[in-house]
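The next block holds one structure in the form of structure tokens; read it before the comments.
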Amino acid sequence: MKLGIIVDSCVGMMKDEIEKRGWHFLPLFFTIDGKEYKDGIDLNLPDFYEKININSQLKTSASSSWETKTLFEKTSKMYDHVIVYCISSGLSSQNNNLKIASREFSNIHVIDSKGVGSSIIHDLEKIEKMNEEGHSIEKMLNKLKELTNAQIAFILPNNITWLVKSGRVNKSVATMAKLFKIVPIIKFENGKLEKYGKGRIFEKTVSKIARYIKEESIDGSEFIIYYASKKPNPELIKRVEEVIGKKLESHLLPIVIGSHTGNDTFVIMTYKN
């Protein structure tokens with residue numbers, strides 16, 4: 001079967017990187033101080049984190065309806081079936097928009113990834129392998145639906161002022177948090193962000209969460225680190241790797257999350273492989 005795959009820029013990769021895989025790419029949009037960019041096309045992740053600061057005014061938005069329809073029309077003719085596997089519906093209106101656009105095409109299948117980042121890539125690599133083995137589109141779609149709850153992440157913003165800017169924390173709480181070196185802990189599970197708890201002192205909180213994830217993980221789980229800065233913090237990564245007991249995959253945090261949590265955010269994700 002000739003299978004097409006569409007992802008959006010929530011995977012944290014550039015368009016040309018995705019196209020090298022033979023897949024198709026939809027950019028999300030973001031603005032910095034009123035200037036709009038196509039995520040994964042106009043600005044790469046290192047340049048994004050170099051460009052922003054605590055005074056930056058940041059917004060994100062879904063892919064354009066025109067680009068979506070154009071890509072759906074093109075790929076529906078190229079392939080027997082097309083799988084669209086993009087940002088979690090709990091983070092963006094993107095998934096709903098894609099489902100509406102796909103109604104015109106019987107061979108385009110939009111699945112809510114309930115995810116973000118490289119786990120989306122890992123899921124789709126499994127589907128490509130299934131296709132090579134000759135599985136039906138129904139089996140592949142059912143497999144993707146099983147994989148959608150495979151990731152849990154803990155997000156640790158290093159500067160709570162970013163959360164004030166995004167409306168997640170009020171100023172009085174932020175003032176107390178700074179005074180007592182409190183670190184907010186945000187959990188990403190079932191495709192949604194929710195308050196989880198708090199730690200004290202950033203480095204100690206990173207170690208605490210790494211230990212928790214290690215203890216709660218099931219056999220065969222993979223672990224992924226994300227960081228929001230032009231260069232990774234080797235000391236923090238080493239802390240986590242020592243707890244987990246092996247070298248870990250690490251990536252820059254996708255813009256759709258990093259634009260709300262800010263520079264120097266650190267994320268530890270567990271992925272049920």
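Relative to one another, the C-alpha centroids of the stretch 171-223 and the stretch 231-268 are positioned 13 Å apart. The mean sequence distance of close C-alpha pairs (under 8 Å, at least 6 residues apart), as a share of the length of the stretch 87-134, puts its relative contact order at 37 percent. Were the residues from ARG103 through GLU194 laid out at 0.36 nm apart, the gain over their Cα-Cα distance would be 29.6 nm.
Computing FRET efficiency as 1/(1 + (r/R0)^6) for SER56 and SER207, where r is the C-beta to C-beta distance and R0 is 25 Å, gives about 0.25. Under the simplified labelling scheme, the LYS272-LYS230 pair shows an inter-label distance of 4.0 nm, with each label point 7 Å from Cα along Cα→Cβ.
Choose one of ILE41, ILE111, SER63: the residue whose Cα lies farthest towards the positive end of the charge dipole of the stretch 33-130 (beta-carbon charges +1 Lys, Arg; -1 Asp, Glu; about the Cα centre). Farthest along the dipole direction, towards plus: ILE111. Remark: for residue pairs LYS35/LYS246; LYS15/LYS187; LYS2/LYS99; LYS171/LYS272; LYS126/LYS204; LYS59/LYS126, the C-alpha separation exceeds 30 Å in LYS35/LYS246; LYS171/LYS272; LYS126/LYS204; LYS59/LYS126. When DSSP beta bridges are limited to those with both residues in the chain, what percentage is antiparallel, rounded to the nearest 5? Roughly 65 percent of the DSSP beta bridges within the chain come out antiparallel. Structural descriptor for the chain: relative contact order 20 percent, calculated from alpha carbon pairs under 8 angstrom and at least 6 residues apart. Available extension along the chain between LEU141 and LYS69 is 23.8 nm, counting 0.36 nm per residue and deducting the alpha carbon span. In whole percent, what relative contact order does the stretch 151-272 give with Cα contacts below 8 Å and a gap of six or more residues? Across the stretch 151-272, relative contact order equals 37 percent.
Summary of the geometry: the stretch 1-61 and the stretch 83-162, compared by the centres of their Cα atoms, lie 16 Å apart. Using a cut-off of 27 Å between Cα atoms, the listed pairs LYS38/LYS129; LYS20/LYS231; LYS178/LYS208; LYS51/LYS114; LYS38/LYS247 include LYS38/LYS129; LYS51/LYS114; LYS38/LYS247 as exceeding that distance.
Put +1 on the Cβ of every Lys and Arg and -1 on every Asp and Glu Cβ in the stretch 201-273; which of ILE244, THR270, THR205 then has its Cα farthest towards the positive end of the dipole? Result: THR205.
Here, each number is a calculation from the coordinates, and none is a lab measurement. Predicted model only: the values in this text are computed from it and were never measured. We place every Cβ from the backbone using ideal geometry, glycine too, and count neighbours over all the protein chains shown.
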